[in-house]
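Below is one structure, written out as structure tokens; the observations come after it.
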Amino acid sequence: MAGKDDEYERKQSRDISRRRFLKGAGLTALSMANLSEAQAAKEASAAIRGPGATAVTLRVNNAVHNLQVEPCETLAETLRTQLGMTGTKVSCDRGTCSACTVWLDGATMCACMTLTVDVQDRAVTTIEGLAQDGKLHPVQEAFIEKDATMCGFCTPGMVMSCAALLARNSSPTLDDVREATCGNFCRCGTYPKVFAATLAAAGKGVK
Amino acid sequence: MSEGEKKAAGKGTLTESKKTKTIKVPIGIFGVNIAEVEREVPLDEPPPLPVNAELNVLGKPTKRLDGHLKVTGAARYTADIQLSGMLYGRILRSPHPHAKIKSIDLSQACKQPGVRAAHIITRVVGTAKERDEKTRAIDAKILFDSSTGVPIVKYVGQPVAAIAATTDRAAAEALEYIKVEYEPLPFVVDMYDAMKPDAPKVFQGPTEQEGTAGGGGAPPGLPQKGNVRGPEVAGLLGGDRGDVKAGFAEADLVVENEYHTQIQMHSALEPHGLIADWRDDALTIYASTQGTSSLRDDIAHLFNLPKNKVRVITEFMGGGFGAKFGAGNYGIAAILLSKQAKAPVKLMHDRKEEQTCAGFRPASVQNLKIGAKNDGTLTAITLSSHGTAGTALGAGVGWAAQNLYKCANFSSQHFDVLTNQSPGCAFRAPGQPQGCFAIEQAIDELCDRLGLDPLELRDKIDADEMRKQQRNLGAKAFDWSKRKRAGSDKGAIRRGVGMAQGEWPRFVDMNSSCELRLTNDGGVEVLSSVQDIGTGIRTVLAQVVAEELGLLPTDIVVRIGDTVFPTGPASGGSVTTGSITPAVRKAAHHLKLKIFDLASSKLSAEPEDLIMKDGKISEKNGGNSLTLKKLAKELPTDQLSVFASRTADYGGFEKGNFLGFGRLSSVQFAEVLVDTESGRIHIERIVAAHSCGRPLNPLALESQINGGVLQGISWALYENRHVDKASGIVVNPNVEQYKLVGAKEVPKIEIVLMEEYLGRSATDATGIGEPAIVPTAAAIANAVANAIGVRILSLPMTPDKVLAALKKGGSR
Ligand code: FES
Ligand code: FES
């Protein structure tokens, strides 16, 4: 009865996540302020989510959103349809092309393979949140400078992968950039310029 | 003037109006043989542009105007648009490759939550059609079950019904409740099986199919026997010549092989799709298309609507590569659903639909035979090719064998084989990469056998001056001198170098117009329905206007991709830049003349004595000046507007009013490493020498050349669609099992961009999209042969084929 076991496991992990979520909510004044007590109580008592829409609180680009999502809704869907953040693209919808790359707590993740209910209290950063105070991220600037975008459909995901690389490695080699983008498909063929742009951005001293 | 040119000029195709003037325009290759030529042009043509070195904006690397929107995620593609009250459409597709539909029941599906509209697909587009009434009637009898009125299914994935619901998920779930009763029919998927006399017929009689703005389709009226249509013996650039029999009799040696190329899926990141908003008898379409205006015309025709009731908008577009023309089955479904539901309907393919039912580059088999003298002179070429575009026509292999080299005797025949597979369509330089893969390997083999250097032989047998220069400069950049004799490298990993060349015609779309506006605050806007499919035409149009009006590209607002603006060209066949930029320059020139008229009284100077520079209108000799902003305030109305259309090519056309003189030539060099133990090919370096007339934005041109080379590499080594013969099902309908070139396989690409002047239009620019992919696979194949001393005649060059070739060649 593999199905049952799966279900059991899923429930277990949900319960653990639920606890982590509440703990996080308790510790974060901002989250707490946005989570009504009644809702929190309801959330706490709900051991199993779904099949209908369920309440979640998402932290995207430092803003908090209280939303109703179906348990099967992916983060990419939520971002795109509920929050209107269409910079995160969906191309394969099954974790192959990385067009949907976002950061969860700073690490790259395919938003098409991440369920919104599983995001919980983790910080989501999307392409819309990469520029700070109206100033482009150095990778974004370098992409424009070197013409690392053509049709541009892969570009947000590409930028998120390259910016994440620079966040963990301020002086990457060409091979590091290849490694960081080897999951990002670009049918227009911007790769040579993506490499050049990322290395150039690193040269500018990205933290 | 060539013979053809004289003829064209003689026929009076030079200009429509009798009033002409003579101008002197640059001609030749910059740095090599630049000269001037006189052209008679209409009176209203702008003055000739000097070479790029004397210009301020054109020819200078210019950042994309929309780069900021693209890197911040703000650019909105069709897939991103959400309209209020918008529904989501989904299509039910046939699981059978050939079947009669006995019944369809939508009733349960319509009761599902969120469902707002549903309909049965009664018309399938994109495939070939029966030629004559008689067979169409026979087909109709078989095709349509009178109770359902549904077309017969001819491929797995053929649309059967469509549903619109309040969410995408609700629509997808409702599809499961559509009941369809199929009566499966015998089918054939494999090309060779389909050629057998007793093979199940895909169509009941001879077929026809017109091409799209991107190519594809087949010449009308050819014979068809069963599933085999042809022979096609002549194409756009002519047909047989001389006497091949006599030619082969003269030959000292003959190279004869069978070359295979596989299907290539377009795999654009944004799938096909559109949003249809039908209200008050007018239709607004947001589409991921390569041709807003041609799509508008297609929809107006299909739905019997006046053109001015259909508006198509494509602000940003996530890649097409030839596959995105016309309404498509998804588009027709979305429009009907919108009409029925009285709400906007968005219908985008999912990845599986995109990889199975959205077109592909057809596969080909070519039997090519070339005869040559011992000095390498070609005496005869024959080519017989077969290809299948599934249920579509247009699997030809171009004209590389016919036209690349001097050879008095040539003969060819091509056959399209119909199979129960989804329809193929135009893909970047339709036919040419396939054709080059064969002829360029044959020429290389000839060199190997005669002990000639591939560049030297080509210098002798190739009449194209541009390619000669490209070979020369490319060889220097590549360091061709390090090339060793084929198969001389030893060891487990062997290095090889090779080259190949190609060409693409210079097509022009005369239906290219624009409007240019100066607003009374000094702003300048270009308006045209032309769309930017990623090539950077938006930026190039700003450059053209900026050059003419003495402004910066960033001063210009470019509004394109909307059919409320004057009609621009569809983006296929590398026509966009060469078609629309001359119209835009003409408009800018006439706007400038109007500005000078206004300014002349203010500056008390003759209009002829004025120039525009740095946002100012001033006297040529540096006297008085006035800012454009200040002058614009004096406009009697909010804007000053100029409309302009493409002028015919200076000196006329080679054919009709669409084929210009001159070709887009290319030569590419490849350096590869072949692992003789694993069979893997690693490409280290590509040098790509290209010409595209006057280069307007080298930055974007480089990007497009990179893109063509990478698609060529991807096709040469990795891509292949697999269809199960027993079921007709595509077994890799995704992008994890359909291998595309990725970041780790990208070689160093060096570009030699030629600056070429043809003296044919007000900008003298052409496109680069197609030529960039044409010679790549052939260059790699030649480099592989140089490395291991054995030829691989079949694409993709996967490790198994490399190992098999090595075994056969006995060099392991
Ligand atoms: S859309 Fe998420 S990986 Fe492709
Ligand atoms: S820029 Fe078009 S897919 Fe990457």
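Just checking, does segment B:441-454 include any residue being more than 23 Å from B:Val709 (Cα to Cα), out of contact with any Cys (no Cβ under 6 Å at 6 or more places or on another chain) and of a type in the set (Val, Ile, Thr)? No; the residues of segment B:441-454 include none that is more than 23 Å from B:Val709 (Cα to Cα), out of contact with any Cys (no Cβ under 6 Å at 6 or more places or on another chain) and of a type in the set (Val, Ile, Thr).
Residues that are touching a residue at least 60 places away in the same chain (Cβ under 8 Å), in contact with a strand residue (DSSP E or B) (Cβ under 8 Å, 6 or more places away or on another chain) and among the acidic types (Asp, Glu) are absent from segment A:88-105.
Scanning segment B:200-232 for residues that are modelled with pLDDT of 95 or more and loosely packed, with under 14 Cβ neighbours inside 10 Å turns up B:Pro223, B:Lys225. The test for being in contact with a Lys or Arg (Cβ under 6 Å, 6 or more places away or on another chain) and within 14 Å of ligand 1 (Cβ to nearest atom) does not hold for A:Ala76.
Take the conditions in contact with a Lys or Arg (Cβ under 8 Å, 6 or more places away or on another chain), crowded, with 22+ Cβ neighbours inside 10 Å and either within 14 Å of chain A (Cβ to nearest Cβ) or over 27 Å from B:Val731 (Cβ atoms) (or both) and apply them to B:Leu378. Does it pass? Step through it out loud before you land on a result.
Numbers: in contact with a Lys or Arg (Cβ under 8 Å, 6 or more places away or on another chain): yes; crowded, with 22+ Cβ neighbours inside 10 Å: yes; either within 14 Å of chain A (Cβ to nearest Cβ) or over 27 Å from B:Val731 (Cβ atoms) (or both): yes.
Yes; evaluated as a whole, the condition is true for this residue.
Here B:Pro220 meets each of (1) in contact (Cβ under 8 Å) with a residue 40 or more places away in the chain; (2) in a loop (DSSP other than H, G, I, E, B) with one exception, condition (1). Listed by first and then second residue, the pairs with beta-carbon distance under 7 Å, at least 6 apart or on different chains, first residue in segment A:130-145 and at the interface with chain B (Cβ under 9 Å from one of its Cβ atoms) and farther than 12 Å from A:Ala196 by Cα, second among the charged types (D, E, K, R) and outside any strand (DSSP E or B), form an empty list. Being modelled with pLDDT of 95 or more and under 25 Å from B:Thr577 (Cα atoms): is that true of B:Ala333 here? Criteria not met by B:Ala333. Listed by first and then second residue, the pairs linking a residue in segment B:28-54 that is at positive phi to a residue that is in a loop (DSSP other than H, G, I, E, B), with Cβ atoms under 8 Å apart and 6 or more places separating them unless they lie on different chains, are B:Gly28/B:Ile34; B:Gly31/B:Glu755. Of all residues in segment A:80-100, exactly one satisfies the criterion of being more than 16 Å from ligand 2 (Cβ to nearest atom), small (Gly, Ala, Ser) and closer than 20 Å to B:Glu353 by Cβ, namely A:Gly95.
Across segment B:708-741, the number of residues qualifying as away from ligand 2 (no atom under 16 Å from the Cβ), among the charged types (D, E, K, R) and within 12 Å of chain A (Cβ to nearest Cβ) comes to 2.
Of the conditions (1) farther than 20 Å from B:Ala363 by Cα; (2) out of contact with any helix residue (DSSP H, G or I) (no Cβ under 8 Å at 6 or more places or on another chain); (3) not in a helix (DSSP H, G or I), B:Val790 fails just one. Which one is it? Of everything listed in (1) farther than 20 Å from B:Ala363 by Cα; (2) out of contact with any helix residue (DSSP H, G or I) (no Cβ under 8 Å at 6 or more places or on another chain); (3) not in a helix (DSSP H, G or I), B:Val790 misses just condition (2).
Restricting attention to segment A:79-100, the residues that are within 20 Å of B:Phe316 (Cα to Cα) and within 10 Å of ligand 1 (Cβ to nearest atom) add up to 9.
The C-beta contact set for segment B:60-76 (first residue within 8 Å of chain A (Cβ to nearest Cβ) and at positive phi, second residue in a helix (DSSP H, G or I) and surrounded by fewer than 24 Cβ atoms within 10 Å (Cβ to Cβ), distance under 6 angstrom, 6+ apart or interchain) comprises B:Gly73/A:Glu128.
Restricting to segment B:464-480, count the residues that are assigned to a helix (DSSP H, G or I) and out of contact with any strand residue (DSSP E or B) (no Cβ under 8 Å at 6 or more places or on another chain). Don't jump to the end; show me each part of the working.
Restricting attention to segment B:464-480, the residues satisfying the condition of being assigned to a helix (DSSP H, G or I) are B:465-478, B:480.
Checking the rest, the ones that are also out of contact with any strand residue (DSSP E or B) (no Cβ under 8 Å at 6 or more places or on another chain) come to B:468, B:472, B:476.
Within segment B:464-480, residues that are assigned to a helix (DSSP H, G or I) and out of contact with any strand residue (DSSP E or B) (no Cβ under 8 Å at 6 or more places or on another chain) number 3.
What about B:Pro186, is it in a loop (DSSP other than H, G, I, E, B) and in contact with a Phe, Trp or Tyr (Cβ under 8 Å, 6 or more places away or on another chain)?
No; evaluated as a whole, the condition is false for this residue.
Given the criteria in a loop (DSSP other than H, G, I, E, B), polar (S, T, N, Q) and farther than 28 Å from B:Gly561 by Cα, does A:Ser91 qualify? Spelling it out, it is not the case that A:Ser91 is in a loop (DSSP other than H, G, I, E, B), polar (S, T, N, Q) and farther than 28 Å from B:Gly561 by Cα.
Is at least one residue of segment B:81-104 surrounded by 20 or more Cβ atoms within 10 Å (Cβ to Cβ) and assigned to a helix (DSSP H, G or I)? Checking segment B:81-104: not a single residue is surrounded by 20 or more Cβ atoms within 10 Å (Cβ to Cβ) and assigned to a helix (DSSP H, G or I).
Inspect all residues belonging to segment B:774-795 and state whether any of them is under 30 Å from B:Pro61 (Cβ atoms) and within 14 Å of another protein chain (Cβ to nearest Cβ). Yes, because at least one residue in segment B:774-795 is under 30 Å from B:Pro61 (Cβ atoms) and within 14 Å of another protein chain (Cβ to nearest Cβ).
Kindly indicate whether B:Phe321 is aromatic (Phe, Trp, Tyr) and either more than 14 Å from chain A (Cβ to nearest Cβ) or within 16 Å of ligand 1 (Cβ to nearest atom) (or both). Against the criterion (aromatic (Phe, Trp, Tyr) and either more than 14 Å from chain A (Cβ to nearest Cβ) or within 16 Å of ligand 1 (Cβ to nearest atom) (or both)), B:Phe321 does not qualify. Of the residues making up segment B:788-807, those that are β-branched (Val, Ile, Thr) and surrounded by fewer than 22 Cβ atoms within 10 Å (Cβ to Cβ) are B:Val790, B:Thr798.
The residues of segment B:403-448 that are surrounded by fewer than 24 Cβ atoms within 10 Å (Cβ to Cβ) and under 21 Å from the mean Cα position of the chain (by Cα) amount to a single one, B:Asn403.
The numbered conditions (1) at the interface with chain B (Cβ under 7 Å from one of its Cβ atoms); (2) more than 8 Å from ligand 2 (Cβ to nearest atom) are all true for A:Gly157 except (1).
If you filter segment A:82-100 down to residues that are over 12 Å from the mean Cα position of the chain (by Cα) and crowded, with 18+ Cβ neighbours inside 10 Å, you find that the one that is farthest from the other protein chains (Cβ to nearest Cβ) is A:Leu83. Considered as a group, the residues in segment A:163-183 that are within 16 Å of ligand 1 (Cβ to nearest atom) and more than 7 Å from chain B (Cβ to nearest Cβ) include one that is nearest to the chain's Cα centre (by Cα), and that residue is A:Ala164.
Given the criteria more than 9 Å from chain A (Cβ to nearest Cβ), charged (D, E, K, R) and under 22 Å from the mean Cα position of the chain (by Cα), does B:Glu750 qualify?
Spelling it out, it is not the case that B:Glu750 is more than 9 Å from chain A (Cβ to nearest Cβ), charged (D, E, K, R) and under 22 Å from the mean Cα position of the chain (by Cα).
The residue of segment A:101-129 that is nearest to the other protein chains (Cβ to nearest Cβ), among those that are in a loop (DSSP other than H, G, I, E, B) and in contact with a Leu (Cβ under 8 Å, 6 or more places away or on another chain), is A:Thr126.
Scanning segment A:134-162 for residues that are over 15 Å from B:Ala743 (Cβ atoms) and within 16 Å of ligand 1 (Cβ to nearest atom) yields A:Cys151, A:Gly152, A:Phe153, A:Pro156.
Considering segment A:112-154, the residues that are among the polar types (S, T, N, Q) and at pLDDT 95 or above include one that is nearest to ligand 2 (Cβ to nearest atom), namely A:Thr149. Among the residues of segment A:160-207, those identified as out of contact with any Asp or Glu (no Cβ under 8 Å at 6 or more places or on another chain), of a type in the set (A, V, I, L, M, F, W, C) and within 15 Å of ligand 2 (Cβ to nearest atom) are A:Met160, A:Cys162, A:Cys182, A:Phe185, A:Cys186, A:Cys188, A:Val194, A:Phe195, A:Ala196.
The values are calculated or read from the model by the stated rules, or taken from the named source; none is laboratory data. Predicted, not measured: the structure shown is a model, and the values here were computed from it. As a convention, Cβ positions derive from the backbone with ideal geometry for all residues, glycine included, and neighbour counts pool all protein chains shown.
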